[in-house]
């Protein structure tokens, strides 16, 4: 079993992708040294030459484990699940794993990428969208995605206290991080009762509370 003492996570307190990984680490009972990468200050530390060598996409999170560098939050979460002991983030059975991946990818591929910082910056600076236009964009795409996810969760008997059964896992990490973003931009949650119930169950867990954006060492006001 690999040694977890050399895990380093390059993160930003308000990045929803990094938030997913922090939740996964805590659910697995793993500790990682956090290396903050401020995505806004001085034009964005992700564009620094040193970080670009580590992650040519200039995105967070990046996980370093010994001499291994892993990017993309879902790849990192699956690596942690397969490489280390602790509560599983994915079910054992192929059908269950496929279902959880499908729920997670709905968020990670179809909602999050078109609402992240670089996209919002582009549609503002290059396409001329004002603040109201950017907010309408966010509300539309987050709403469309979470409306569909709500229907899937509400109609599937495999949905339990969490997205898949009675234990939190990969899909829940993606979901809560996305709902954090929806709340940040004041999306209407009234049509998502199952999603809200699952997020409340997640937020009651100490491991998840420790991973919350406002509790990170680089969050404003945290010493």
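Every residue in segment 63-95 that is surrounded by fewer than 18 Cβ atoms within 10 Å (Cβ to Cβ), under 19 Å from residue 162 (Cβ atoms) and in contact with a helix residue (DSSP H, G or I) (Cβ under 7 Å, 6 or more places away or on another chain), please. Residues satisfying the conditions are 86, 87, 88.
Suppose we keep only residues that are assigned to a loop (DSSP other than H, G, I, E, B) and at pLDDT 95 or above within segment 39-60. Which one would you say is nearest to residue 70 (Cα to Cα)?
Step one: of segment 39-60, the residues assigned to a loop (DSSP other than H, G, I, E, B) are 39-40, 44, 48, 55-60.
Subsequent filtering for residues that are at pLDDT 95 or above retains 48, 55-60.
On the way: 48: 18, 55: 9, 56: 12, 57: 12, 58: 13, 59: 12, 60: 11 Å.
Restricting to residues being assigned to a loop (DSSP other than H, G, I, E, B) and at pLDDT 95 or above, the top hit is 55.
Please enumerate the residues belonging to segment 124-149 that are part of a helix (DSSP H, G or I) and exposed (fewer than 15 other Cβ atoms within 10 Å of the Cβ). Walk me through it before giving the result.
The initial filter retains those residues of segment 124-149 that are part of a helix (DSSP H, G or I), namely 124-125, 131-149.
Passing the criteria: 125, 131, 132, 133, 136, 140, 144, 147, 148.
Look through 221, 191 and report the one residue that is without any contact (Cβ under 8 Å) to a residue 60 or more places away in the chain and not assigned by TED's automatic domain parsing to the domain that holds residue 115. Only one candidate qualifies: 221. Mind checking whether some residue in segment 155-165 is touching a helix residue (DSSP H, G or I) at 6+ places or on another chain (Cβ under 6 Å), part of a helix (DSSP H, G or I) and surrounded by 16 or more Cβ atoms within 10 Å (Cβ to Cβ)? No. Among the residues making up segment 185-204, a single one is under 18 Å from the mean Cα position of the chain (by Cα), buried (at least 16 other Cβ atoms within 10 Å of the Cβ) and not in a helix (DSSP H, G or I): 187. Looking across segment 9-34 at every residue that is in a strand (DSSP E or B) and within 17 Å of the chain's Cα centre (by Cα), the one that is surrounded by the fewest Cβ atoms within 10 Å (Cβ to Cβ) is identified as 34.
What about residue 105, is it in contact with a helix residue (DSSP H, G or I) (Cβ under 7 Å, 6 or more places away or on another chain), assigned by TED's automatic domain parsing to the domain that holds residue 171 and closer than 15 Å to residue 174 by Cα? No, not satisfied. When each of 100, 119 is tested for being touching a residue at least 60 places away in the same chain (Cβ under 8 Å) and in a helix (DSSP H, G or I), the lone residue that passes is 100.
The values are calculated or read from the model by the stated rules, or taken from the named source; none is laboratory data. Worth saying up front: this structure is predicted, and the values here are computed from it rather than measured. Cβ atoms come from the backbone with ideal geometry, glycine included; neighbour counts cover every protein chain shown.
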